[in-house]
Amino acid sequence: MSDWLSAEEWTAVRLSLLVATTAMLASLPFGLAIAWLLARGRFWGKSLLDALVHLPLILPPVVTGYLLLIGFGRRGPIGQWLYDWFGIVLSFRWTGAALACAVMGFPLLVRAIRLSIEAVDRKLEDAAGTLGANPFWVFLTVTLPLCLPGILAGMILCFAKAMGEFGATITFVSNIPGETQTLPSAIYTFTQVPGGDAGALRLTLISIAISVSALFFSEALARIVGKRIAIA
């Protein structure tokens, strides 16, 4: 592949994989917690929480990126606090790109996990509770194994979304080669320069291959979940 791609193109591919993987793994613990709250919790503000989780799906990505820039930028309330106390800078860094991708992919992750948790038979959880298991242990030993296919499907969807994210990322962290230039940003750059069609096409084919593979895997896992629900 190194002979087919230039050094700049290969860097964009590797950076995209790093950003997408980081976004997926960083989102997973929060996604599990939020999905469980939405699936099993009974509390005031549940509808509001659900709306906030899904807000990135309906907002223009540029708006999401701008909100991230306001909040997590160097002079933003959260960004300045992170820099003053921990020396962490997210804006115009690859870690900021991972944050933007995580925010955009989070609703897909939460929805897949939530549906999988809701498909788990409550009687199994209740039976474990009557045997003395606390709620956390019930979730860890009963709920989690049963909804594992849904968790994997949500992770793949989040990864695929992160691989294709452009608007929020370029607004929050710009398009810096070697630092924040992911595959979509690199493709955009190639389309703006004379003679860049070949590079844009190569990266487009790679993006399609990665995304289609992830979606096929996700569909296979969804079928497994469907069969489990049918058996239950």
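Structural remarks
- Matching residues in segment 159-174 - criterion: being part of a helix (DSSP H, G or I) and among the small types (Gly, Ala, Ser): Ala160, Ala162, Gly164, Gly167, Ala168
- Breaking point among (1) closer than 23 Å to Pro177 by Cα; (2) modelled with pLDDT of 90 or more; (3) among the polar types (S, T, N, Q), for Ser91: (2)
- Annotation: Gly178 fulfils all but one of (1) surrounded by 13 or more Cβ atoms within 10 Å (Cβ to Cβ); (2) touching a residue at least 24 places away in the same chain (Cβ under 8 Å); the unmet one is (1).
- Some residue of segment 122-131 being at pLDDT 90 or above and not aliphatic (A, V, I, L, M): no
- Residue satisfying all of: in segment 124-150; among the hydrophobic types (A, V, I, L, M, F, W, C) and assigned to a loop (DSSP other than H, G, I, E, B); least open to solvent (accessible area, probe 1.4 Å) among these: Cys147
- Of everything listed in (1) open to solvent by 60 Å² or more (accessible area, probe 1.4 Å); (2) touching a residue at least 60 places away in the same chain (Cβ under 8 Å), the single unmet condition for Met163 is (1).
The values are calculated or read from the model by the stated rules, or taken from the named source; none is laboratory data. This is a predicted model, so every value here is computed, not measured. Counting neighbours? That spans all protein chains shown, and the Cβs are built from the backbone with ideal geometry, glycine included. Ligands, DNA and RNA are stripped out before the accessible areas are found, and what is left, the full protein with its side chains, is counted by its heavy atoms. Shrake-Rupley method; radii C 1.70, N 1.55, O 1.52, S 1.80 Å.
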